[in-house]
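Written below as structure tokens is the structure these notes are about.
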Amino acid sequence: MSIHVCILGIDGSGKSTISASLPALLSAALGVPVASAGEKFRMTTPTEDHLGPGFQPERLPLEFHLSRFFKRKAKKNVENRRLYQVFKVAHMLFQDASAKKLEKRYEPAIVVSDGNAILSACGREVNYRKTPGSRTPEPAELARLFGYVLDGRIPDPRTIGRMPKAVAIKKLKRICDACGIKGFWLPDIVFFLDVRPSSAMKRIAARGRKIDGHENEKDLNQAREMYLKTLEAFSIYRPEALVEIIRTDGSTPGEVLRKIVGRMKAGIRAKTVALQGSSAPLGKSEDNIEDKSFWSKILNRKYIFNYLCAKCFDGAWREPFFVCSPHGRVFLKEGYSANVMKIIYENTDTEKNPFNRIFLGYPLNRAVYDRLEMLVGWLYWVLREKLVPGKEVTVFSAPCGFAYDMLGALNRLKKESPRLLQRVRFVASDLDPYGDIEPALAAKARELDITFDFIKGDIRKAAVRKLIRSFGPFDIELFIGLSGWLPKPAIVGHMRFLVTAIKPDGVCLTDTFTAAAYSFSGYYAGFRGNYYEPEIYRAMLDYAGFNGQYATVESGRDGINHLIVVRPRRKRSFAVSGYETATYGRIKNNERAVC
């Protein structure tokens, strides 16, 4: 059986962000498969994702769709307290039923839920009473309600009237049970994100969206007090369960996530999974075009009907033509190697072969090209900002590939002032499996007159990291192209390493991929992919020690790849001329436009 973890809190406590970010971090920290049910549904393992926003390789059960339907209905009727209450309860019941479906289908070690139907209903019921100010039930009465609804314990008839809507809830449970909807259950672990209502209102206002009618300080204060009573009742009803109250005032999402992950590591012995090692290069299937097993994975019903037919107009039609393209055949053999990236970067605007143009126009390849343009622009401005005052600048890039991003920015600077480049030190690292990256970069470095160092090896190895750190601390760090391929423990570990190797006023540029049509193709072909929306990736950076809350995100034309510019988090604020967080948008929108 899975361990069910519930994240509770009033509006503005950050529970949606925490519950969405927690699965990847728990999977990384504990080495177990983790699912989550909330605003979006996820299923992740330490090595790959099986379900996520925009990525459902398997057909979703009816409960998933009903949960989303009633969530939309609740949002639409948020100003009508009676209708909102009905739709919200239905949404939470189907969400909890979906969590049980996730448990049955994928058998995760942990299931994280954004709220819980019973606990959330008890906590928020006080806001929707016909007679405001009426007596609220005590924890002991709520505990008896749990026993009456879930276990069929018949309480003293004189106390039923003091248990909120006990008879109606019991009838609703019977209807759900008769329909096979498993929406009535209580979690094993509850984390309550406790925040002052005044602080919660500031966070809600900062979202820049319309404030709902129930999002006011009076209602939030009532809900907070009732939630605390509900948790006390839950502890009475199930004393073996873990209930943790975490104060979130003044805490970043990363700090809250570290507390939850640390408590989970200390408080439970989760199921473990044997992670199967892979000898294949990152970003490549374990088979290639020359293997029969490769074709058996591609030429199957799911690939043909669920991907080629269903996603035809999202770029899927291009894939069958890859075997006709010289560039496509290199990709099918090597995956997204440095050589394939070189092909994408150099041939997009000049290619004449129609099959090569089909390959280069594939949405994922187009996103890679867009990322290069964004990187060159950001690197140019960061380098110029740091070099103009006369500073020495050390840049670290891994995996560097042929470093088109860094070289593009340096070439732009060279046109303005060649002497600036004499104060640049470029430290690059890559596996360089074919031995052609280092000599190519060394030749470019001599041409640009910059100091260049190359480290060949796996950046996940302790010896390689020790060597890298000897060149630091770095003014600029580049971590591009690996977030989708690295296992989750490795991605979090590398983020933490980057924090230790960067200067206090340094800038890190990294990227993340979100799931799209290409994800289905990779899944059916045997690729192990990890997909993070920008807000999830920012929370992970915050967890690792960067200032992820205030990171800047820039996305390509298709919204597949997202460049994230972030600084390390420090206790005291500091000023870096032109590169304070507040000015990132100004630089991106105005100054870069003249380049």
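The values are calculated or read from the model by the stated rules, or taken from the named source; none is laboratory data. Treat the numbers as computed from the prediction; the structure is a model and nothing was measured. Neighbour counts are summed over all protein chains in view; Cβ atoms, including those assigned to glycine, are modelled from backbone coordinates with ideal geometry. The accessibility values were calculated without ligands, DNA or RNA, using every heavy atom of the protein model including side chains. Shrake-Rupley method; radii C 1.70, N 1.55, O 1.52, S 1.80 Å.
Numbers at a glance
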{"read-out": "Fraction of accessible area attributable to carbon and sulfur, the stretch 423-495 (%, probe 1.4 Å)", "value": "55 percent"}
{"read-out": "The chain - Rg and Dmax from Cα coordinates, angstrom", "value": "26.4, 89"}
{"read-out": "Surface per residue (accessible, 1.4 Å probe) for the chain, Å²", "value": "44 Å²"}
{"read-out": "Solvent exposure ordering (accessible area, 1.4 Å, most first) of 87, 497", "value": "87, 497"}
{"read-out": "Ranked packing of 483-491, 464-472, 115-123, most packed first, by mean Cβ within 10 Å", "value": "115-123, 483-491, 464-472"}
{"read-out": "Helix-only [θ]222 nm of the chain, DSSP H runs n ≥ 4, -39500 (n - 2.57) each, per residue, nearest 500", "value": "-14500 deg cm²/dmol"}
{"read-out": "Ranked packing of 303-309, 371-377, 27-33, most packed first, by mean Cβ within 10 Å", "value": "27-33, 371-377, 303-309"}
{"read-out": "Inter-part distance where the stretch 167-203 and the stretch 207-243 are each reduced to a Cα centre, Å", "value": "10 Å"}
{"read-out": "Accessible surface, 1.4 Å probe, highest first, among residues 317, 381", "value": "317, 381"}
{"read-out": "Net dipole in debye of the chain [+1 Lys, Arg Cβ; -1 Asp, Glu Cβ; about Cα centre; nearest 20]", "value": "1740 debye"}
{"read-out": "Amide H contacts under 5 Å for residue 243, placed H, 5+ residues apart", "value": "190"}
{"read-out": "Other-chain or far-sequence residues with amide H under 5 Å of residue 569's (modelled H)", "value": "546, 547"}
{"read-out": "Rounded to whole Hz, the Karplus (6.51, -1.76, 1.60) HN-Hα couplings of the stretch 424-434, x for glycine and proline", "value": "9, 10, 10, 9, 10, 9, 6, 5, 6, x, 9"}
{"read-out": "Whole-Hz ³J(HN,Hα) from phi, Karplus 6.51 cos²θ - 1.76 cosθ + 1.60, for the stretch 448-458, glycine and proline x", "value": "8, 6, 10, 7, 10, 9, 10, 10, 8, x, 8"}
{"read-out": "Probe 1.4 Å, all protein chains present, accessible-area order of 446, 567, 209, 68, largest first", "value": "446, 209, 68, 567"}
{"read-out": "Dimensionless Rg over Rh [the stretch 66-141; C-alpha; Kirkwood]", "value": "1.06"}
{"read-out": "Within the chain, percent of DSSP bridges classed antiparallel, to nearest 5", "value": "30 percent"}
{"read-out": "Whole-Hz couplings from phi, Karplus 6.51/-1.76/1.60, listed for the stretch 192-204; x for Gly and Pro", "value": "9, 8, 8, 9, 5, x, 5, 5, 4, 5, 5, 5, 5"}
{"read-out": "For residue 126, solvent-accessible area (1.4 Å; no DNA, RNA or ligand), Å²", "value": "20 Å²"}
